[in-house]
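Structure, as structure tokens:
The values are calculated or read from the model by the stated rules, or taken from the named source; none is laboratory data. Keep in mind it's a predicted model, so treat the numbers as computed, not measured. As a convention, Cβ positions derive from the backbone with ideal geometry for all residues, glycine included, and neighbour counts pool all protein chains shown. Surface accessibility is based on the protein's heavy atoms, side chains included, excluding ligands, DNA and RNA. Shrake-Rupley method; radii C 1.70, N 1.55, O 1.52, S 1.80 Å.
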Amino acid sequence: MKPVIVRAANLLDHLERLRLEFGGGVAARKCALLDAVRRLELRTAKQVLRLHDSLCFMRAYPDGPEVLKRVERMLADFPRRRDLARHRRSLADSGIAGTSIEFRFFWPQARWLAGRWGTRLTIVWRDFVERDQLGSLLPLLTHFSETPALDELAYTPRQWVTRLKGPDESDASFLVRRFATLPMDEFGREKLYDRLDPPLRLASGPDTPSRTTACAVPARVAFQTVPLTRGRPDLAVELRRAPLAVRAVSRGEGQRLIDLARAAMVTRSRDLDVFSWGDPDDVRLADCGGGLQFAIIGAIPERRLLMEAVYAFLTLKNGVPIGYVLNSALYGSAEIAYNVFENWRGAEAAAIYGRVLATVRHLFGADSFTIYPYQLGDGNAEALESGAWWFYQKLGFRPRDPEARALMELELKRMRSRPSHRSSIATLRRLARANLYYHSGRARDDVIGLVPLPTAGLAVTALMSTRFGSDRERGARVCADEAARLLGAPSRRRWSEGERLAWDRWSPLVLVLPGVATWTTEEKRALVDVVKAKGGRRESEFVRRFDRHRRLRDALRTLTLREDAANP
């Protein structure tokens, strides 16, 4: 092996080890190591990726200003590295600035990319499985005067799109822009586009999303001068420590944080609905100290669920995106999906998770938390391989399902008798079939995961089908008026568009709530305020109002249990 190759491998090994060490003169060693690596031309794509990811890590966790200055300079210069240019093709989909990204982006993300970087967005025709379906849709995407040619000429869908698009637009931007003009609502447009599922390629450009440049520049950098917090937090203690501050951001800053979150998904070939449908008027920034922040993003009213309030958090360390959280809250409880981006999983995952739960408790008043099976490994190979189930179990989460609980006890017994024992993938798969729960107070049954909320939809279906059949539009109007009379709702003309939308969606559910007609005037008025909050500026206010309304909580739970029992 040539000496330069050996030296590069050794330096990268040293850098990867040293990036996790802090204090005691480590900063000076990192500076010297960065200076040495900066002058090297790396020989393999894997080495280029390793260097890039070490720099991204050190940007999030800088020891001091000298380390940060070197890291930021190297990241700024990264797209111009000769070794990156040589391995550009092998590093596609890495998210490194200067490389392309291929993914089957869902509709809102595809529309966002086409609107920002349309000339760099193209269709990957070789992987376009449903391209023949596109051929059948072309009459909807063109002018009627073009139909004689569309009807008779046997061009392929690719040939047609090449002819149809403008001279200064790409095939993908043409397709996305034509879908955006279809005379249907956004839900129908999204379903049709996602069924077509065109694979797209985003070519790199000076301002296209990349992991290299991703950073919301913080007002002040928190330098890491002591060892990382690697131990498991005491959740009971963590939940009593609220964030240092939670502030509402301006609409402009909210949009920038949403764009940063969307870019973080694009550069990792992922998609997250709440980021894609983020509401710039419902964005807050939670400061947990030490450079750790959560950008808390709510969805626009049109994309909110009927009952639970769903928020997505972008986890930031000194402004660098290092992971995300999906939180669904109701009944003083929360279902949490937690993800740390791969580059930072060896750092403070458990400690940050403690801060996640404390932030959720502070914002939504949750005292019970649950983890959904997918996050534990049910249909999720990554979670199985990482041992996610035991990560949460060691933090204090427990299954309530009898079979899962018995299997857990059996595994714990095996570990006590043989400390080296590790659960097999097959065992982890069985454990992951049921939710895990953590209760900071007494264990309750009226929490997300145990209240069968989907069955409320069956009660609404019974009402709508019996009274209105196929005429759901008339049903929506009638239910809205009947619910208004029942609850004594004031005129809705002065309500916001989101509040009126929430009322239209909730009205059938209001009518099937057990005993609602017997509620007091005050309880009915409070229900009106709950529904309005679902379409208000902050959906978290809906959760707070819902959880304070004892009669509503009890009535909805009674309804869901009744329907669940009737429809096994």
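Per-structure values
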read-out	value
For the chain, with +1 on Lys and Arg beta carbons and -1 on Asp and Glu, the positive-most of ALA236, THR520, ALA483 along the dipole	ALA236
Estimated distance in nm for a label pair at ARG163 and ILE425, the labels positioned 7 Å out from Cα along Cα-to-Cβ	4.9 nm
Carbon + sulfur, % of accessible area of segment 55-178 - ligands and nucleic acids excluded, 1.4 Å	50 percent
Computed log₁₀ I(q)/I(0) - Debye formula, equal Cα scatterers, no solvent, segment 457-523, q 0.14 Å⁻¹	-0.42
Accessible surface, per residue, of segment 399-458 when the full set of protein chains is kept, probe 1.4 Å, Å²	57 Å²
Dipole magnitude (debye, nearest 20) for segment 157-257, charges at Cβ of Lys, Arg, Asp, Glu	240 debye
Separation in nanometres of the label points that stand 7 Å from Cα toward Cβ, at ALA92 and ASP127	0.8 nm
Cα-based Rg and Dmax for segment 456-568, where Dmax is the largest Cα-Cα distance (Å)	13.8, 43
Under Karplus coefficients 6.51, -1.76 and 1.60, residue-wise ³J(HN,Hα) of segment 401-415 in Hz, glycine/proline x	5, x, 5, 5, 5, 5, 5, 4, 4, 5, 5, 5, 5, 5, 5
The chain - mean residue ellipticity at 222 nm from DSSP helices (-39,500 (n - 2.57) per run, n ≥ 4, rounded to 500)	-15500 deg cm²/dmol
The chain: Cα Rg divided by the 2.2 N^0.38 Å rule of thumb	1.08
Cα-projected label distance for SER417 with ASP564, points at 7 Å along beta-carbon direction, nm	3.6 nm
Segment 413-488-segment 166-180 distance, computed between alpha-carbon centres (Å)	41 Å
Positive-end extreme of charge dipole, the chain - chosen from THR212, PHE128, TRP112 (charges on Cβ)	THR212
Alpha-carbon centroids, segment 319-374 and segment 56-124: separation in whole Å	26 Å
Potential extension, ASN10-LEU153 segment - 0.36 nm per residue separation minus Cα distance	45.3 nm
26 Å Cα-Cα reach of LYS317 towards lysines, excluding residues that sit fewer than 8 places from it in its own chain	LYS30, LYS46, LYS69, LYS394
Spread of Cα-to-Cα distances over 5 Å intervals beginning at zero, given as percent, for segment 334-430	2, 11, 21, 24, 19, 14, 6, 2, 0
Heavy-atom accessible surface of segment 398-541: percent carbon and sulfur, 1.4 Å	50 percent
Evaluated over segment 204-265, the Cα radius of gyration and Dmax, each in Å	16.4, 47
Two-decimal Rg to Rh for segment 251-343 - Kirkwood Rh, Cα set	0.95
Debye, to nearest 20: dipole size of segment 296-399, +1 on Lys, Arg Cβ, -1 on Asp, Glu Cβ	280 debye
Cα-based reach from LYS165 at 16 Å (exclusive), listing aspartates and glutamates while leaving out same-chain residues under 8 positions away	GLU146
Per residue solvent-accessible surface (Å²) - segment 1-152, probe of 1.4 Å	50 Å²
Net dipole in debye of the chain [+1 Lys, Arg Cβ; -1 Asp, Glu Cβ; about Cα centre; nearest 20]	1660 debye
Estimated vicinal HN-Hα couplings, Hz - segment 196-210 in sequence order (Karplus 6.51, -1.76, 1.60; Gly, Pro = x)	5, 6, x, x, 10, 10, 9, 6, 6, x, x, 10, 6, x, 7
